[in-house]
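The values are calculated or read from the model by the stated rules, or taken from the named source; none is laboratory data. Here the structure is a predicted model, which is why all the values come from computation and not from measurement. Every residue, glycine as well, gets a Cβ built from its backbone with ideal geometry; the counts of neighbours run over all protein chains shown.
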Number of protein chains: 2
Amino acid sequence: MQIATPYLMFLGDVPDRLAAKTAYGIVDWRPEWCVGQLRLPGCAADLGIPDLTIEEAVAKGVRTLIVGVVNAGGVLPDHWITSIVAALEAGLDVASGLHTRLGSIPAIAEAAARGGRQLYDVRHSDQRFDTGKGTKRPGRRLLTVGTDCSVGKKYTVLALEKGMRARGFDADFRATGQTGVFISGRGVAIDAVVADFISGAVEWISPAAAPEHWDLIEGQGSLFHPSFAGVSLGLLHGAQPDAFVVCHEPTRTRMRGVQHPLPSIEEVIDLTVRCGSLTNPEIRPVGIAVNTQALEEAEARALLEHLAAAHDLPATDPVRFGVESIVERIATLYPAGVAA
Amino acid sequence: MQIATPYLMFLGDVPDRLAAKTAYGIVDWRPEWCVGQLRLPGCAADLGIPDLTIEEAVAKGVRTLIVGVVNAGGVLPDHWITSIVAALEAGLDVASGLHTRLGSIPAIAEAAARGGRQLYDVRHSDQRFDTGKGTKRPGRRLLTVGTDCSVGKKYTVLALEKGMRARGFDADFRATGQTGVFISGRGVAIDAVVADFISGAVEWISPAAAPEHWDLIEGQGSLFHPSFAGVSLGLLHGAQPDAFVVCHEPTRTRMRGVQHPLPSIEEVIDLTVRCGSLTNPEIRPVGIAVNTQALEEAEARALLEHLAAAHDLPATDPVRFGVESIVERIATLYPAGVAA
């Protein structure tokens, strides 16, 4: 599976920016793939890229229509179906992050079959995987882990891809969530995989590679989240990371969606090393990434300094202060990967 | 979902006893539900219960045909389909542990629809679950955990159900694997659930109950198995057990299907307590169950004595020596649950 690029971003007539969050994420990280946007009357989101008709998009070489929006109530509105069918008839593939499967809509299924086009439902996984084997495979791997869900694990790993490449590393982002799959054009929404195959799917996402190549694997959930820890553990075992970065949001008091308090960064490091050692005894932390958005700059800097000293690790806010300090630590620990 | 009892056990024409392993397990633990068996010419398995035609089974009050066999190559042979359709037409539901979904065979799907009969594919899960909440719910819970897969977790929990009931406890087996689902008539094959819902499915399997009621939850895999640890952790968090029993097979040198050595019982206890504390801070071990089949009796007894002393826990082989010592420990630790 490899979603063909470049993309035409379909926004429908979403009522606000938040409903198009996935689309914004794709444009942020892969602007070169996002040739234009297709908006219907009443659309309240704007990606800041050219508005194109399907015909104009085809003329510009677009290969796939990306439905990177959330539809209210889970039902695909008729006028969205019309646009999707038109894209298929114009020769585009369609990739969607909707809960509704594209192929479950007869008009869409028929148009795709007629034209021999691909439909991708990145929120679902129909791929068959083997169970994980846990055997060490060549190549370096880094995983982002968290004190909670939604603490910047995807952002951090994408920032590291950029920073490590700039430093001369051969490094690739590996997606495990739906927005990430659009950003990389491949990958699997790991939380949609059948439970028996979590680690096996991650082994498939990040296969054997050249010894100094880095796979930068998007983490999910937290080993301490009572809803999703199973996903996080299978992901850790399948990723068999050499290095991990702990992501954290310092103002959060309860874990997302539940009543549990957040674990400390130290607890996360300890349990990640303990469990991760099963498939990679060399696992170690290489940094702390903190979302300091809610803090004043001086307060943010003080917190990061404190965390760096307490854990003997570079600590940064990737959005505010970049990831240079973490890249530097990786270059020190794994010098063979840096370009001469 | 509740599979209607009693059962007619369908064995088809399986070539050996092993192919009917699930059926033997059901007869072992629920003989009162297994009214008869239906075998086709050439069948090499025999459950030791009466051979019945479908008509005879219906006359005896049977409600469900159980396909508790493995078919070679995953394809359902035509002569099995004929028997399954005949059962549906005679008014029985059909429950299957085959990889092939019953409803994917048009003749079976049509016969079920025509007669309004239920089809159960216990190896698959189409049930919708919420994500786990991790909130402590009333009722006592015990989970079996393991140093590996296939070390007697189901057997132990079923033996404990029998032993605890005999001691006056109000205790119910809760199934998380396919054979277990047939044995309890309900439950979910937890490894078939979508990853995001592992702990939520276990919360559904073992809902809030009376304060002194015990749910005895079938464990799966091992926190130390690189293929399946995610399932085991989600199961642990969803089960939020007060008590757990460690199951072990002392002659095994590698974990099932992989190259990894087995963890020690101490490691399993430590990590289970550490991770299980997230949803139940009162979690504690109450026994060790060892499959000593490969050992001479004196050797087995010596090993169990050693393990009991080393861990300060009752250690037994449930098959060879029963589970009385573990039940006794539970009665001592949780006296309120014992009948007066």
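Here A:Asp148 meets each of (1) among the acidic types (Asp, Glu); (2) within 25 Å of A:Leu18 (Cβ to Cβ); (3) modelled with pLDDT of 95 or more; (4) part of a helix (DSSP H, G or I) with one exception, condition (4). So B:Phe197 ticks every box in (1) surrounded by fewer than 23 Cβ atoms within 10 Å (Cβ to Cβ); (2) within 14 Å of chain A (Cβ to nearest Cβ); (3) of a type in the set (Phe, Trp, Tyr) but one. Which box is left unticked? Here B:Phe197 clears every test but (1).
If the condition is being more than 19 Å from B:Phe182 (Cα to Cα) and of a type in the set (Val, Ile, Thr), then the stretch B:59-90 contributes B:Val75, B:Ile81, B:Thr82, B:Val85. Going residue by residue through the stretch B:61-68, is there one that turns out to be within 28 Å of B:Thr156 (Cα to Cα), in the same structural domain as B:Ser104 (by TED's automatic domain parsing) and loosely packed, with under 14 Cβ neighbours inside 10 Å? So far as the stretch B:61-68 goes, no, none of its residues is within 28 Å of B:Thr156 (Cα to Cα), in the same structural domain as B:Ser104 (by TED's automatic domain parsing) and loosely packed, with under 14 Cβ neighbours inside 10 Å.
Against the definition (modelled with pLDDT of 95 or more, in contact with a Lys or Arg (Cβ under 7 Å, 6 or more places away or on another chain) and not basic (Lys, Arg)), how does B:Pro263 come out, yes or no? No.
Only residues that are within 22 Å of the chain's Cα centre (by Cα) and surrounded by fewer than 16 Cβ atoms within 10 Å (Cβ to Cβ): list them for the stretch B:28-45, please. The answer is B:Asp28, B:Pro31, B:Glu32.
Would you pick out the residues in the stretch A:71-87 that are outside any helix (DSSP H, G or I) and out of contact with any Gly (no Cβ under 8 Å at 6 or more places or on another chain)?
Here is the first cut: in the stretch A:71-87, the residues outside any helix (DSSP H, G or I) are A:71, A:75-77.
Hits for the stretch A:71-87 are A:Val75, A:Leu76.
For the stretch B:167-194, filtering for residues that are within 14 Å of chain A (Cβ to nearest Cβ) and assigned to a strand (DSSP E or B) leaves 1. If you filter the stretch B:6-17 down to residues that are hydrophobic (A, V, I, L, M, F, W, C) and part of a strand (DSSP E or B), you find that the one that is surrounded by the most Cβ atoms within 10 Å (Cβ to Cβ) is B:Met9.
Among the residues of the stretch B:218-225, is there at least one that is aliphatic (A, V, I, L, M) and more than 23 Å from B:Ile183 (Cα to Cα)?
yes
Put simply, of A:Ala20, A:Ala112, A:Ala86, A:Ala72 the only residue that is modelled with pLDDT under 95, surrounded by 15 or more Cβ atoms within 10 Å (Cβ to Cβ) and outside the structural domain of A:Gly187 (by TED's automatic domain parsing) is A:Ala20. The condition of being more than 28 Å from A:Gly116 (Cα to Cα) and at pLDDT 95 or above holds for only one of A:Ile54, A:Ile49, A:Ile66, A:Ile26, that being A:Ile49. Among the residues of the stretch B:250-295, the ones that are free of Cβ contacts under 8 Å to residues at least 24 places away in the same chain, within 14 Å of chain A (Cβ to nearest Cβ) and either in a loop (DSSP other than H, G, I, E, B) or of a type in the set (D, E, K, R) (or both) come to 6 in all.
Screening the stretch A:101-141 for residues that are in a loop (DSSP other than H, G, I, E, B) and among the small types (Gly, Ala, Ser) and picking the one that is farthest from the chain's Cα centre (by Cα) gives A:Gly116.
Annotation note: of A:Ile3, A:Ile26, the sole residue that is touching a residue at least 40 places away in the same chain (Cβ under 8 Å), within 17 Å of A:Arg63 (Cβ to Cβ) and assigned to a helix (DSSP H, G or I) is A:Ile26. Counting the residues of the stretch A:89-116 that are closer than 20 Å to A:Gln37 by Cβ and touching an Asp or Glu at 6+ places or on another chain (Cβ under 9 Å) gives 6. Within the stretch B:126-146, restricting attention to residues that are buried (at least 24 other Cβ atoms within 10 Å of the Cβ) and among the β-branched types (Val, Ile, Thr), which residue is farthest from the other protein chains (Cβ to nearest Cβ)? So the residue we want is B:Thr144. Residues of the stretch A:143-155 include none that is more than 22 Å from A:Cys247 (Cα to Cα), in contact (Cβ under 8 Å) with a residue 60 or more places away in the chain, of a type in the set (Lys, Arg) and in contact with a Ser or Thr (Cβ under 8 Å, 6 or more places away or on another chain). The set of residues in the stretch B:301-318 that are in a helix (DSSP H, G or I) and more than 25 Å from the chain's Cα centre (by Cα) comprises B:Arg301, B:Ala302, B:Leu303, B:Glu305, B:His306, B:Leu307, B:Ala308, B:Ala309, B:Ala310, B:His311.
Among the residues of the stretch A:200-249, the one identified as among the charged types (D, E, K, R), away from chain B (no Cβ under 13 Å) and not in a loop (DSSP other than H, G, I, E, B) is A:Asp215.
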